[in-house]
């Protein structure tokens, strides 16, 4: 398998007159839950309903744990955690929930998943 790369010309954000060529990934599209279920079915003895149920329940459980303030680590896949960005204050007493600007979801791939990227072939299209 390989990842296709395309050549794209972009302007420098600091100097719009200056343009350079870059390589970016040429996406083959999206794979949805149905396709992931089908792929898992080919590797297991589970029924289609069992696979879909596990994936849907995994989503619910991850959300529940994140909402409760936990980070979630899934071996060989990675970890999910929330991250908060806030506006600073002069004194700690001035900090309230209103200082929060954004709550983000952060995914960090597991070592095994990250290392799999070193084995991907790259091909420049055109």
Worksheet item: What are the residues in segment 102-126 that are loosely packed, with under 10 Cβ neighbours inside 10 Å and over 23 Å from residue 72 (Cα atoms), if any?
Response: 118, 119, 120, 121, 123, 125, 126
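Has segment 24-45 got any residue that is in contact (Cβ under 8 Å) with a residue 40 or more places away in the chain, in a loop (DSSP other than H, G, I, E, B) and closer than 25 Å to residue 121 by Cα? Even if it seems obvious, please write down each step before you answer.
Quick first cut of segment 24-45, residues in contact (Cβ under 8 Å) with a residue 40 or more places away in the chain only: 26.
Narrowing the set further to residues that are in a loop (DSSP other than H, G, I, E, B) leaves 26.
In the following step, the residues that additionally are closer than 25 Å to residue 121 by Cα were identified as 26.
Within segment 24-45 (the criterion being in contact (Cβ under 8 Å) with a residue 40 or more places away in the chain, in a loop (DSSP other than H, G, I, E, B) and closer than 25 Å to residue 121 by Cα), the answer is yes, since at least one residue qualifies.
Would you pick out the residues in segment 90-105 that are touching a strand residue (DSSP E or B) at 6+ places or on another chain (Cβ under 8 Å) and in a helix (DSSP H, G or I)?
99
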Worksheet item: If you go through segment 19-37 one residue at a time, how many are at pLDDT 90 or above and more than 21 Å from the chain's Cα centre (by Cα)?
Response: 1
Worksheet entry | residue 123 touching a residue at least 24 places away in the same chain (Cβ under 8 Å) and more than 21 Å from the chain's Cα centre (by Cα) | yes
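Results for (1) closer than 30 Å to residue 8 by Cβ; (2) at pLDDT 95 or above; (3) in a strand (DSSP E or B), shown as yes or no for each residue.
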site: 76; (1), (2), (3): no, no, no
site: 80; (1), (2), (3): no, yes, yes
site: 88; (1), (2), (3): no, no, no
site: 107; (1), (2), (3): yes, yes, yes
site: 113; (1), (2), (3): yes, no, no
site: 116; (1), (2), (3): yes, no, no
site: 123; (1), (2), (3): yes, no, yes
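The values are calculated or read from the model by the stated rules, or taken from the named source; none is laboratory data. Nothing here was measured: the structure is a model prediction, and the numbers come from that model. Neighbour counts are summed over all protein chains in view; Cβ atoms, including those assigned to glycine, are modelled from backbone coordinates with ideal geometry.
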